[in-house]
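As structure tokens, the structure follows; a few thoughts come after it.
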Amino acid sequence: MATIANLTVKSDGSMEGTLATLTVTAPISIIRNGRKTKENEPDWRVVSRKNGFELGAGWDRFSQNTGAEYTSLSLSAPEFGTIYANIANAPGDDPSKKVAIWNPPA
């Protein structure tokens, strides 16, 4: 699977980093959805740090195999269509570093 973003977890739990594909490089923030009122609404909002446009959303999920919690992202923009990804710990032992791993549709 391809890494499409390198992220740093900030003290408030939000994440910042760079979304990078073959055709797009964009600074992004992943912030908690403070207006969530229903279970099916996203837990996270993904926004461009360049212009503030919303690029997608994320939902906290639990692995059916291990029970581990992870965040599933759905990103969409005219430049790249729709991309699905999961946030995971980055290689190494730094808990403040995360990556978004491309999750192509089946």
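The values are calculated or read from the model by the stated rules, or taken from the named source; none is laboratory data. If you're wondering where the values come from, they're calculated on a predicted model, not measured in any experiment. Positions of Cβ are backbone-derived with ideal geometry, glycine not excepted, and every protein chain shown enters the neighbour counts.
Annotations
- Failed item in (1) surrounded by 16 or more Cβ atoms within 10 Å (Cβ to Cβ); (2) part of a strand (DSSP E or B), with residue 82 passing the rest: (1)
- Number of residues in the stretch 16-69 that are more than 21 Å from residue 89 (Cβ to Cβ) and of a type in the set (D, E, K, R) equals 9.
- Filter result (hydrophobic (A, V, I, L, M, F, W, C), without any contact (Cβ under 8 Å) to a residue 24 or more places away in the chain and within 19 Å of residue 97 (Cβ to Cβ)) within the stretch 25-49: 31
- Among strands (runs of 3 or more DSSP E) entirely within the stretch 10-76, having at least 3 residues that are surrounded by fewer than 18 Cβ atoms within 10 Å (Cβ to Cβ) and not small (Gly, Ala, Ser) singles out 25-32, 54-62.
- Within the stretch 13-24, residues that are modelled with pLDDT of 95 or more and charged (D, E, K, R) reach partners that are part of a strand (DSSP E or B) and surrounded by 15 or more Cβ atoms within 10 Å (Cβ to Cβ) with beta carbons closer than 6 Å, at six or more positions or on different chains, in the pairs 16/29.
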